[in-house]
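Q: Following this message is one structure expressed as structure tokens.
The values are calculated or read from the model by the stated rules, or taken from the named source; none is laboratory data. Quantities reported herein were computed from a predicted structural model and do not represent experimental measurements. Note: ideal-geometry Cβ built from the backbone for every residue, glycine included; neighbour counts use all protein chains shown.
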Amino acid sequence: MPAARHLITAALAAAMLVVPAAAHAKATPKKHKGPTATVALGDKRPPRARAAQECANANLMPTADNLDAVRAAVLCLHNQIRVSKGLPALHDNAKLRKAAAGHSDDMVTEGYFDHTAPDGDTFVDRILSARYAKQTDGWSLGENLAWGTGDLSTPAGVMNAWMNSAGHKANILKRNYREIGIGIHLGVPSDAGVGATFTADFGVKS
């Protein structure tokens, strides 16, 4: 069957939900301004050349045996893009990864595709439940979702789709984010036997 892709990117700024066509990316309003950081760019190679050399497995199709490699490639591509724009690199965070993995699992198992689960839990609820931060802390959170089959389920395929969607791209390039958790589950919400479903949860705490 031909490859297929679906994205959902939501950007929640203040009380406004932005839903671009064929996309849905989500970000919470920041409670406190995050710390600033700079990245020294010593590599003068074009961004695509750096991506090709630094991001191994970017064209790897997910299987039960290689999800760690796929996850690492998705993180590498996020950071290659951010560093090429002079932004701080994102660090993998186990608690964000737990929230992201749980949501990808749930979407495929329960057959839905949204930032809010059928029981009403939002991405903020899930991330706070994973103990990434407390409700009373200062934090800013975001989430990108995607599913794809065939070549569109590779790290490069998913990142290309996200970067061509305004809401997803805004999360990827948000300067104050410092951490990310990436969850990948084999299967898509409409068919657990094909493709893969991705959740990327972003965060910063102050």
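Q: Taking region 84-124 on its own, how many of its residues are acidic (D, E) and in a helix (DSSP H, G or I)?
A: 3
Q: Follow-up. For region 122-140, what are the residues that are of a type in the set (D, E) and at pLDDT 95 or above?
A: Within region 122-140, just D125 meets the criteria.
Q: Now for a separate question. Any residue at all in region 185-198 that is part of a helix (DSSP H, G or I) and within 15 Å of the chain's Cα centre (by Cα)?
A: No, that holds for no residue.
Q: Taking the options E110, E179, E143, name whichever one is modelled with pLDDT of 95 or more, surrounded by fewer than 20 Cβ atoms within 10 Å (Cβ to Cβ) and under 19 Å from D92 (Cβ atoms).
A: Being modelled with pLDDT of 95 or more, surrounded by fewer than 20 Cβ atoms within 10 Å (Cβ to Cβ) and under 19 Å from D92 (Cβ atoms) holds for just one of E110, E179, E143, which is E179.
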